[in-house]
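Everything below concerns the one structure shown next.
The values are calculated or read from the model by the stated rules, or taken from the named source; none is laboratory data. Small disclaimer: the values here were computed from a predicted structure and weren't measured. Positions of Cβ are generated from backbone atoms using ideal geometry, with glycine treated the same way; all protein chains shown enter the neighbour counts.
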Protein chains: 2
Amino acid sequence: MVQNKVFMYKSVPDGWPVPGKDLTVEDIGFDEAAPPPKGGFTTKNLYATYDPSQRGRMRHETVKSYSPAMAVGKPVVSVHVLGKVLKSDTPKIKEGSTVLMMSHYTEEYSAVPESAVKSTQVIEPKPGVPLTAYLGLMGMTGMTAYGSLHEIGQPKRGDVILVSAAAGAVGQAVGQIARQEGLHVIGSVGDDKKLDFIINELGFSSGFNYKKENISDAVKRLAPDGIDIYYDNVGGELLDVALANMKDFGRIVACGTISTYNDGSNSTRYGVQNYSAVVRKRLRWQGFIVYDPTIIRWKKERDEKVAQWIADGSFKSVDYVTHGMDHAVEGFLGMLKGENLGKSILKVADSES
Amino acid sequence: MVQNKVFMYKSVPDGWPVPGKDLTVEDIGFDEAAPPPKGGFTTKNLYATYDPSQRGRMRHETVKSYSPAMAVGKPVVSVHVLGKVLKSDTPKIKEGSTVLMMSHYTEEYSAVPESAVKSTQVIEPKPGVPLTAYLGLMGMTGMTAYGSLHEIGQPKRGDVILVSAAAGAVGQAVGQIARQEGLHVIGSVGDDKKLDFIINELGFSSGFNYKKENISDAVKRLAPDGIDIYYDNVGGELLDVALANMKDFGRIVACGTISTYNDGSNSTRYGVQNYSAVVRKRLRWQGFIVYDPTIIRWKKERDEKVAQWIADGSFKSVDYVTHGMDHAVEGFLGMLKGENLGKSILKVADSES
């Protein structure tokens, strides 16, 4: 047996998850000598991703949503876990190959059953594209951004797009795609370091720090003629301001409402007041998840374009890496608090170790 | 000169329009002996329509919306005025014909300029279709209902649709179209008389009186498996409840928010709390106006189907008629208060007189 630390989900949080109570790190051990599961394989894992959607799955099973509630007493499910294959009992997955596992436990070692082989992707990195890009821009984050922006946002050269949580994983992908396609890109962020980052590193046209400036003033200042596309990762007050500033026939891509995720059961939720703009301005406001057929159908185009943009240097894949399983809980809370620049990744182990 | 009473717009209401102050009836006279305007025509008017959208146009000119603000000191603009042509100076409009004028002053006699000829429709009633149907189901109300239900609502046989303001002009048209097409139709109304009407006269599957029953309880009771289409004429709390009860991939047709129209400038507006359902359930929530190309392209199909449904008796065109210009203000306020069953019409004069 070797050490196998896992990021454990102990109880359903009411509001912010409490370290040590709702979330812990525990060593459950791993038997290196055991054979792989029949038809499956075993891995030593290198990276796991953090994603706001994980908080949504930490709920009571009775609350319906598009993805299942996580099981209390099991490791936290990550959207992506990237690992090296140790042993395999399936011809589809070769020993020594690098694999990307979807909706997988956050752990150092995995014994992957046959049933999970179909949701496992063997990675053959393209030249100039780093391995971690397959957790973000070349993974579900990039797919989310590319598919929804095109399917719902219907971007046209010259359109004005406002992106909330612009320094977050999806936000920076959306902003960079929009910039590449000739849109005027405005980002909303929660601190000055991020503001500097999206403008000077990612090439956004402009942006504002919603904690420092009145949101309505900022949007009117940066988009005096209104917004064609609002890419919404947050909900709340910014959504309300966006509604008030949309152009006729504007599109709202409803990707997330992170501002509401940690409203405890007793909190008062924010009420959106300007929803009558949907009628007056003939807006289209639409939600999605990345697995919807209308979104995933953009995959081939995404794979080609984004890989090329990364390889030719015009597109930055910025990661915020938490190092080591011992820091799994704090990395997760940092992602939820919006402290991280770019895609949040937990580095489970070095590829060499 | 003969008497020509008009429904006059005197000042911008703050909240509910005040009779005698914001809205009046005045005799401005009409010269029967005068020739028609060059390239235009004159009419003696028979009917004018009341529509919630009129309230939206009674606003300060600085407030942007899809239709222009009404001009203070001029007659109230009705969506439709139906008249008989007295004199004509254009070959397109024959003397003695019946015409439907769009966005036209509410008055007993009209001198219509050449510029308005293109928005004037000569009516040749189909067999079995009464003249007043051209103000409602065969006019813009029916076009609104038919076009938006199909374009945004995407109805499929067996779908569950919830219609708010179900006894109103658009609501009863939507409900009857949906019933004809095999949907399960639930209506929300504000009194028991209307509830009886939509179920027993219009053939809705079920309904509830939102003033008597908790809205959330009623929707869960009548649509235990959720709603595929919410046809929203009201906004506010019912919209919030609908959001909470939509099925995945549900559609919200945003037709109106009458619950907010008379919020005065000092009132607190209702805030919609359940908007995160747009993300979680991948909803499509979209506004429109009837003149949008995507809506008006359903006209030919509407003209044929609805005329046939009226003629064969399967479709009721229910009108609430206010008799005479002297009652123009009270008829308008009654429509805004939701007191009227069906399409609200002002009878300006008998066709014989």
- line: Checking B:Leu149, B:Leu137, B:Leu195, B:Leu162 in turn, the sole residue that is within 23 Å of B:Lys299 (Cβ to Cβ), modelled with pLDDT of 95 or more and hydrophobic (A, V, I, L, M, F, W, C) turns out to be B:Leu149
- request: Please name all residue pairs, on different chains or six or more residues apart, with Cβ atoms under 7 Å, provided the first residue is in the range A:124-142 and is in contact (Cβ under 8 Å) with a residue 40 or more places away in the chain and the second residue is acidic (Asp, Glu) and surrounded by 18 or more Cβ atoms within 10 Å (Cβ to Cβ).
  value: A:Thr132/A:Asp319; A:Gly136/A:Asp319
field: strands (runs of 3 or more DSSP E) (entirely within the range B:277-353) containing at least 3 residues that are buried (at least 22 other Cβ atoms within 10 Å of the Cβ) and either away from every other protein chain (no Cβ under 14 Å) or among the polar types (S, T, N, Q) (or both)
entry: B:343-347
query: Any idea which of B:Val241, B:Val253, B:Val185 is crowded, with 16+ Cβ neighbours inside 10 Å, at pLDDT 95 or above, within 25 Å of B:Ser53 (Cβ to Cβ) and under 19 Å from the mean Cα position of the chain (by Cα)?
result: B:Val253
query: Within the range A:46-54, is there a residue that is out of contact with any His (no Cβ under 9 Å at 6 or more places or on another chain), closer than 20 Å to A:Lys84 by Cα and surrounded by 15 or more Cβ atoms within 10 Å (Cβ to Cβ)?
result: yes
task: Any chance you could count how many residues in the range B:158-167 are part of a loop (DSSP other than H, G, I, E, B) and either surrounded by 18 or more Cβ atoms within 10 Å (Cβ to Cβ) or in the same structural domain as B:Lys87 (by TED's automatic domain parsing) (or both)?
output: 5
- prompt: Based on what the data block shows, is A:Asn274 in contact with a Leu (Cβ under 6 Å, 6 or more places away or on another chain), surrounded by fewer than 21 Cβ atoms within 10 Å (Cβ to Cβ) and within 14 Å of chain B (Cβ to nearest Cβ)?
  reply: yes
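Pick out the one residue from B:Tyr109, B:Tyr105, B:Tyr210 that is aromatic (Phe, Trp, Tyr) and under 20 Å from B:Thr257 (Cα atoms).
After applying the criteria, what remains is B:Tyr210.
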message: Residue under question is A:Lys87, and the condition is that it be of a type in the set (Lys, Arg), assigned by TED's automatic domain parsing to the domain that holds A:His327 and assigned to a loop (DSSP other than H, G, I, E, B); does it hold?
response: no
task: Could you tell me whether B:Leu283 is more than 30 Å from A:Asp240 (Cβ to Cβ), more than 23 Å from the chain's Cα centre (by Cα) and at pLDDT 95 or above?
output: no
- prompt: Restricted to the range A:256-269, and to residues that are at the interface with chain B (Cβ under 7 Å from one of its Cβ atoms) and part of a loop (DSSP other than H, G, I, E, B), which residue is modelled with the highest pLDDT?
  reply: A:Gly256
- prompt: What about B:Lys126, is it surrounded by fewer than 20 Cβ atoms within 10 Å (Cβ to Cβ) and in contact with a helix residue (DSSP H, G or I) (Cβ under 6 Å, 6 or more places away or on another chain)?
  reply: yes
message: Residues that are touching a helix residue (DSSP H, G or I) at 6+ places or on another chain (Cβ under 9 Å) and among the aromatic types (Phe, Trp, Tyr): does the range B:87-107 have at least one?
response: no
- prompt: Hey, any hits in the range B:98-108 for a residue that's β-branched (Val, Ile, Thr) and within 14 Å of chain A (Cβ to nearest Cβ)?
  reply: no
Scope the range A:96-123; condition without any contact (Cβ under 8 Å) to a residue 24 or more places away in the chain and part of a loop (DSSP other than H, G, I, E, B); matching residues: A:Gly96
field: Positions within the range B:124-157 being of a type outside the set (A, V, I, L, M, F, W, C) and assigned to a helix (DSSP H, G or I), in sequence order
entry: B:Thr132, B:Tyr134, B:Thr141, B:Gly142, B:Thr144, B:Tyr146, B:Gly147, B:Ser148, B:His150, B:Glu151, B:Gly153
Contacts under 8 angstrom Cβ, first residue in the range A:212-240 being away from chain B (no Cβ under 14 Å) and within 22 Å of B:Gly271 (Cβ to Cβ), partner of a type in the set (Ser, Thr, Tyr) and surrounded by 14 or more Cβ atoms within 10 Å (Cβ to Cβ), 6 or more apart: A:Ile215/A:Ser188; A:Ala218/A:Ser188; A:Ala218/A:Tyr210
